[in-house]
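Student: Let me begin by handing over the structure; questions about it come next.
The values are calculated or read from the model by the stated rules, or taken from the named source; none is laboratory data. Since the structure is predicted, the reported quantities are computational estimates derived from the model, not experimental observations. Backbone-built Cβ (ideal geometry, glycine too); neighbour counts: all protein chains shown.
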Amino acid sequence: MKKNAAVKRIRRIWLGIAIGVICFLGSATIWVGAQALMAKSELEQAVPLASAVQQAVASGDVAAAQGAAMELGEHSRSAADHAGDPIWRVFEVVPYLGANLAAVRQLAQVVETISEGAVKPMVALTENLDLAGFSPVGGALDLDPLVQAQPVMADIDATLAQASVDVSTIDTSRVLEQVRAATEQLAAAVDSTAESVSGVNRAVQLLPAMLGADERRSYLLLFQNNAEVRATGGLPGAFAEIATENGQIQITRQESAAGIIFEEPVLDLPLETRGIYTDLVSTFMGDVTLTPQFPITGALTREMWKRTYGTEVDGVISLDPVALSYLLRATGPITLATGEVLTSDNAVQLLLTDVYANYDDPGDQDAVFASAAAAVFAALAGGQADPTALISALAQAGDERRILIWSAHEEDQKLLEGTTLTGDLPVSDASAERIGVYFNDATGAKMNTLLDTRIDVGEVTCRNDSRPYYAVDVTLANTAPLDAATSLPKSVTGPGTYGVVQGNIRTIMLVYGPPDSQNLGVSRGGERVPYHPATDLGHPVSQVTVELAPGESVTTRFYLLGGDDEHGELEIVHTPVLNLLESQELVVGCDEVER
């Protein structure tokens, strides 16, 4: 009897323990569930506020930015507190449920980190900086606010870069679709913001030095004429040497490329680069933009300028008439010395078409081009531009590779790395497999205002090793009137010096594949055509020349064998041409590639 009583007592104890555990687990589950709902609610309110802060900062509404930042801070802290509960962390080991809880906790931590380490400092910085104060006064820009902002911007940039990494490491392989979607949404927002802030940080770190905060600097402005296309944009039609010191900017010399020619290359270039572009790229100032590698263009231009005028500039900055038209949105209309009024709407037409109808002498044409560039520059240096519109114009021109910068200072060039401003050959990464498509005019004329361009790309996998085939279609169309030879001025059609019939357009096309890819040939109309295969800094290059009569259009297809089946989306990096038509995805067949 005593034994049975002892057994019953033990059973009652274990039953009590079991009931207690069940009650605890039930209560804990309810608690975690409640915490999860509250964390979800806080995150849903926090994420849109980050965009609201960004928009308010961009528009200069400091009060709105402050209010949104405070709300974001409250919601992000609350979400992190709910998701950081000790019981929550215990439940993260529970199969299936735990993966979701861990992902939500990490999301909350990232949002809080962004709020504390990026949003709040950015708003505080905005409070102390007046965008209107970045307009030059008396030809000088006050550099102190930029210098003071450098450490803060560097910290903000580092915070967002780390947040981008943190989001990318969240494991969403075993979570609910809602959690996966939220993670992807946050990742996209963080990546986009981090990229924008990275650009701002580079500018804040770079501009004071370039504008002579520490020492006097000099730069060469290279104006590319897209009417005669070159790989980085156009023929270098005019140059202006500028000096900067303590934020003051002034033009010290203006010249054209005519007459700046040397018997021997001014710099030793890689043999493969010389093989593609010949020694003209390193002996004639008018051909320094034949190569798509702007760092080479910058170094060549600097050396040629030094040998001709004795000035060793600190860097080279390139822009084209399209970029000037964007800048005119910020400055407003400008009257040239010729009496012509330059506006954002007419700049490209006036500089690349009308100038050749109105002036027969190439020297006069270059003078108009140089005058227009100098007038826009003077307006910018004189504080005539609206700062917000100017930032927008510079961003658009930079994205389109219409503004390129090369610095002779290694620390400055390092800050530019990874941006479109460097004009480097395409670099592929996890997000994109990049292919370069570049053009050089071989007409010896200014006919490229009448050349339409379309670039299409596609891929197909046929091999057992899963290496993909890439196809790039380049379609060029000569839109000149059929009687172009007689109806257009010779300054546009050219005199036929290079064996091109007046009115025709001859173009050299160069396709640069990723370094791990291989050239597989070129075709037109389904038939293989001869081409020049080469390499340039490890990139396989396919080069073909096409000549089009007025009204004629031709599509040339370039084939490449990709290096790896796992790559990002195909993306084309190309010469910033004038008339680029909308591209479309190609459908590529295995039979056409492998025959």
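Student: Of the residues Thr311, Thr291, which single one is part of a loop (DSSP other than H, G, I, E, B), in contact (Cβ under 8 Å) with a residue 60 or more places away in the chain and buried (at least 24 other Cβ atoms within 10 Å of the Cβ)? Please lay out each step first, then the result.
Tutor: On the way: Thr311 fails: buried (at least 24 other Cβ atoms within 10 Å of the Cβ).
The conditions single out Thr291.
Student: Just checking, how many residues over region 478-498 are closer than 12 Å to Thr449 by Cα and touching a residue at least 60 places away in the same chain (Cβ under 8 Å)?
Tutor: Residues in region 478-498 being closer than 12 Å to Thr449 by Cα and touching a residue at least 60 places away in the same chain (Cβ under 8 Å): 4 in total.
Student: Kindly indicate the residue of region 246-275 that is part of a strand (DSSP E or B) and either of a type in the set (S, T, N, Q) or modelled with pLDDT of 90 or more (or both) and also surrounded by the fewest Cβ atoms within 10 Å (Cβ to Cβ) among those meeting that condition. Spell out how you get there, then give the answer.
Tutor: From region 246-275, those part of a strand (DSSP E or B) are 248-255, 261; that's our starting set.
Pick out the ones that are also either of a type in the set (S, T, N, Q) or modelled with pLDDT of 90 or more (or both) and you get 248, 250, 252-254, 261.
Values: Gln248: 17, Gln250: 14, Thr252: 10, Arg253: 14, Gln254: 17, Ile261: 14.
Selected residue: Thr252.
Student: Would you please name the residue that is nearest to Leu221 (Cα to Cα), looking only at residues in region 276-288 that are aliphatic (A, V, I, L, M) and surrounded by fewer than 23 Cβ atoms within 10 Å (Cβ to Cβ)?
Tutor: Of all residues in region 276-288, those aliphatic (A, V, I, L, M) come to 276, 280-281, 285, 288.
Narrowing the set further to residues that are surrounded by fewer than 23 Cβ atoms within 10 Å (Cβ to Cβ) leaves 276, 280.
Details: Ile276: 26, Leu280: 21 Å.
That would be Leu280.
Student: Determine if region 261-282 includes at least one residue that is in the same structural domain as Leu404 (by TED's automatic domain parsing), hydroxyl-bearing (Ser, Thr, Tyr) and farther than 27 Å from Pro426 by Cβ.
Tutor: Within region 261-282, the subset in the same structural domain as Leu404 (by TED's automatic domain parsing) is 261-282.
The next check asks that each one be hydroxyl-bearing (Ser, Thr, Tyr); those that pass are 273, 277-278, 282.
Still in the list and also farther than 27 Å from Pro426 by Cβ: none.
Within region 261-282, none of the residues are in the same structural domain as Leu404 (by TED's automatic domain parsing), hydroxyl-bearing (Ser, Thr, Tyr) and farther than 27 Å from Pro426 by Cβ.
Student: Which condition does Glu303 not pass, out of (1) over 21 Å from Val577 (Cα atoms); (2) under 29 Å from the mean Cα position of the chain (by Cα); (3) charged (D, E, K, R); (4) assigned to a loop (DSSP other than H, G, I, E, B), if it passes all the others?
Tutor: All conditions pass for Glu303, except number (4).
Student: What about Asp320, is it in the same structural domain as Phe223 (by TED's automatic domain parsing) and either over 22 Å from Val281 (Cβ atoms) or aromatic (Phe, Trp, Tyr) (or both)?
Tutor: Here the answer is no, as Asp320 does not meet what is asked.
Residues checked against (1) more than 28 Å from Gly298 (Cα to Cα); (2) in contact with a Pro (Cβ under 9 Å, 6 or more places away or on another chain); (3) outside the structural domain of Gln293 (by TED's automatic domain parsing):
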position	(1), (2), (3)
Glu340	yes, no, no
Leu351	no, yes, no
Pro362	no, no, no
Val368	no, no, no
Leu380	no, yes, no
Ala393	no, no, no
Gln396	no, no, no
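Student: Which one of these is among the aliphatic types (A, V, I, L, M), outside the structural domain of Leu143 (by TED's automatic domain parsing) and surrounded by 19 or more Cβ atoms within 10 Å (Cβ to Cβ): Ala238, Ala243?
Tutor: Among Ala238, Ala243, only Ala238 is among the aliphatic types (A, V, I, L, M), outside the structural domain of Leu143 (by TED's automatic domain parsing) and surrounded by 19 or more Cβ atoms within 10 Å (Cβ to Cβ).
Student: Oh, and also: Output the number of the condition that Gly423 fails; it satisfies all remaining conditions of (1) farther than 22 Å from Leu141 by Cα; (2) over 19 Å from the mean Cα position of the chain (by Cα); (3) touching a residue at least 60 places away in the same chain (Cβ under 8 Å).
Tutor: Failing condition for Gly423: (2).
Student: When the residues of region 157-178 are narrowed to those that are surrounded by 13 or more Cβ atoms within 10 Å (Cβ to Cβ) and modelled with pLDDT of 85 or more, which ends up nearest to Leu125 (Cα to Cα)?
Tutor: Filtering region 157-178 down to residues surrounded by 13 or more Cβ atoms within 10 Å (Cβ to Cβ) leaves 157-164, 166-167, 170, 172, 174-176.
Then drop every residue that is not modelled with pLDDT of 85 or more, which leaves 157-159, 161-162, 164, 166.
Numbers: Asp157: 13, Ala158: 16, Thr159: 15, Ala161: 19, Gln162: 20, Ser164: 22, Asp166: 25 Å.
Taking the candidates together, the pick is Asp157.
Student: Now for a different question. Enumerate the helices (runs of 4 or more DSSP H) found wholly within region 321-407, keeping only those where 1 or more residues are touching a helix residue (DSSP H, G or I) at 6+ places or on another chain (Cβ under 7 Å), buried (at least 16 other Cβ atoms within 10 Å of the Cβ) and hydroxyl-bearing (Ser, Thr, Tyr).
Tutor: In region 321-407, 321-331, 355-358 are the helices (runs of 4 or more DSSP H) which contain 1 or more residues that are touching a helix residue (DSSP H, G or I) at 6+ places or on another chain (Cβ under 7 Å), buried (at least 16 other Cβ atoms within 10 Å of the Cβ) and hydroxyl-bearing (Ser, Thr, Tyr).
Student: With at pLDDT below 95 and in contact with a Pro (Cβ under 8 Å, 6 or more places away or on another chain) as the only criterion, which of Asp565, Asp536 stands out?
Tutor: On the way: Asp536 fails: at pLDDT below 95.
So the residue among Asp565, Asp536 that is at pLDDT below 95 and in contact with a Pro (Cβ under 8 Å, 6 or more places away or on another chain) is Asp565.
Student: Scan (1) more than 15 Å from Gly436 (Cβ to Cβ); (2) among the acidic types (Asp, Glu); (3) at pLDDT 90 or above; (4) not in a loop (DSSP other than H, G, I, E, B) for the single condition Glu571 breaks and write down its number.
Tutor: With (1) more than 15 Å from Gly436 (Cβ to Cβ); (2) among the acidic types (Asp, Glu); (3) at pLDDT 90 or above; (4) not in a loop (DSSP other than H, G, I, E, B) applied to Glu571, the lone miss is (1).
Student: Out of region 99-134, which residues are modelled with pLDDT of 65 or more, surrounded by fewer than 17 Cβ atoms within 10 Å (Cβ to Cβ) and either of a type in the set (Gly, Ala, Ser) or over 26 Å from Gln162 (Cα atoms) (or both)?
Tutor: The answer is Ala124, and nothing else.
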